[in-house]
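**Student:** A single structure is presented below for examination.
The values are calculated or read from the model by the stated rules, or taken from the named source; none is laboratory data. Computed from a predicted model, the values in this text were never measured in an experiment. Cβ sites come from the backbone with ideal geometry, for glycine too, and all protein chains shown count toward neighbours.
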Amino acid sequence: MNYHNITHDDMLNGDGLRTVLWTAGCTHFCDGCQNPETWDVSGGIEFDEAAEKELFDGLKQEHISGVTFSGGDPLHPFNRDEIFALAKKIKEELPSKTVWLYTGFLWEEVKQLEGIKYLDVLIDGEFKKELNDNNLCWIGSSNQRIIDVQKSLEKDEIVLFLEQ
């Protein structure tokens, strides 16, 4: 898996202050995308041991609420295995931290993936330029949903994390 950046103390991509991993690779090519430079799966740099250490060092900070996986699309087929392995490791080693993930895929397309169970919140849906609303919290367009993954899996229906 390749990535473009790890940002620290981010307050725009989930609740609280977060560490964000920006993955490379996206198949959605949304018109008006905020990060088109991340579309190329071979762009950025390889996510290696040093990058993982940086990610975990950021997450270990007491004031950090958790990690957010963004991109690109962390659920690009080339990213899924490594993203889910990271999410599992975070849940095992830092159980108080939340795991958020942004994807252009719909919940209905990814809910059956084995690694979904390691996420707390999934923001689904492609960015739709015509539905852009800068007043929305944590999403770019009104079609996107902020899904409480654990409650949704438990009830076998979508449970939103936060009503917009």
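**Student:** What residue, among those in the range 5-63 that are part of a strand (DSSP E or B) and among the polar types (S, T, N, Q), is surrounded by the most Cβ atoms within 10 Å (Cβ to Cβ)? Even if it seems obvious, please write down each step before you answer.
**Tutor:** Residues of the range 5-63 that are part of a strand (DSSP E or B), as a first pass: 5-10, 17-23, 45-46.
Checking the rest, the ones that are also among the polar types (S, T, N, Q) come to 5, 7, 19, 23.
Numbers: ASN5: 14, THR7: 16, THR19: 26, THR23: 29.
By that ranking, first place goes to THR23.
**Student:** Also: Give me a count of the residues in the range 87-126 that are crowded, with 16+ Cβ neighbours inside 10 Å and of a type in the set (D, E, K, R).
**Tutor:** 6
**Student:** Applying the selection to the range 89-103, what residues are assigned to a loop (DSSP other than H, G, I, E, B) and either at pLDDT below 95 or over 14 Å from ASP15 (Cα atoms) (or both)?
**Tutor:** Kept after step one, since they are assigned to a loop (DSSP other than H, G, I, E, B), are these residues of the range 89-103: 94-97, 103.
Of everything in the range 89-103, those that are assigned to a loop (DSSP other than H, G, I, E, B) and either at pLDDT below 95 or over 14 Å from ASP15 (Cα atoms) (or both) turn out to be LEU94, PRO95, THR103.
**Student:** With ILE116, ILE147, ILE139 as the choices, which residue is within 17 Å of the chain's Cα centre (by Cα) and part of a loop (DSSP other than H, G, I, E, B)? Walk me through how you get there before you give the answer.
**Tutor:** Working: ILE116 fails: part of a loop (DSSP other than H, G, I, E, B); ILE147 fails: part of a loop (DSSP other than H, G, I, E, B).
Sole residue among the options that is within 17 Å of the chain's Cα centre (by Cα) and part of a loop (DSSP other than H, G, I, E, B): ILE139.
**Student:** Let me confirm something: among ASN132, ASN143, which residue is in contact (Cβ under 8 Å) with a residue 60 or more places away in the chain and more than 24 Å from VAL41 (Cβ to Cβ)? Reasoning before the result, please.
**Tutor:** Details: ASN143 fails: in contact (Cβ under 8 Å) with a residue 60 or more places away in the chain.
ASN132 is the lone residue from the list that is in contact (Cβ under 8 Å) with a residue 60 or more places away in the chain and more than 24 Å from VAL41 (Cβ to Cβ).
Yes/no per residue for (1) hydroxyl-bearing (Ser, Thr, Tyr); (2) at pLDDT 95 or above; (3) in contact with an Asp or Glu (Cβ under 9 Å, 6 or more places away or on another chain); (4) farther than 22 Å from VAL67 by Cα:
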| position | (1), (2), (3), (4) |
| --- | --- |
| GLU109 | no, yes, yes, yes |
| ASP133 | no, no, no, yes |
| LEU136 | no, no, no, no |
| GLN144 | no, yes, yes, no |
| ILE147 | no, yes, yes, no |
| GLU157 | no, yes, no, yes |
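**Student:** Criterion first (in contact with a Gly (Cβ under 8 Å, 6 or more places away or on another chain), on the phi < 0 side of the Ramachandran plot and surrounded by 15 or more Cβ atoms within 10 Å (Cβ to Cβ)) does THR68 satisfy it?
**Tutor:** Numbers: in contact with a Gly (Cβ under 8 Å, 6 or more places away or on another chain): yes; on the phi < 0 side of the Ramachandran plot: yes; surrounded by 15 or more Cβ atoms within 10 Å (Cβ to Cβ): yes.
Answer is yes for this residue.
**Student:** Has the range 101-117 got at least one residue that is more than 23 Å from GLN34 (Cα to Cα) and hydrophobic (A, V, I, L, M, F, W, C)?
**Tutor:** yes
**Student:** Shifting gears a bit: So for the range 111-128 (the condition being acidic (Asp, Glu) and more than 23 Å from THR7 (Cα to Cα)), does at least one residue qualify? First the steps, then the outcome.
**Tutor:** Applying the first criterion (acidic (Asp, Glu)) to the range 111-128 yields 114, 120, 124, 126.
Now drop any that are not more than 23 Å from THR7 (Cα to Cα), which leaves 114.
Yes, that holds for at least one residue.
**Student:** On the basis of being within 14 Å of the chain's Cα centre (by Cα) and more than 20 Å from ASP10 (Cα to Cα), does LEU106 make the cut? Please lay out each step first, then the result.
**Tutor:** On the way: within 14 Å of the chain's Cα centre (by Cα): yes; more than 20 Å from ASP10 (Cα to Cα): yes.
Here the answer is yes, as LEU106 does meet what is asked.
**Student:** What are the residues in the range 21-35 that are out of contact with any helix residue (DSSP H, G or I) (no Cβ under 9 Å at 6 or more places or on another chain), closer than 18 Å to ILE139 by Cβ and modelled with pLDDT of 95 or more, if any?
**Tutor:** HIS28
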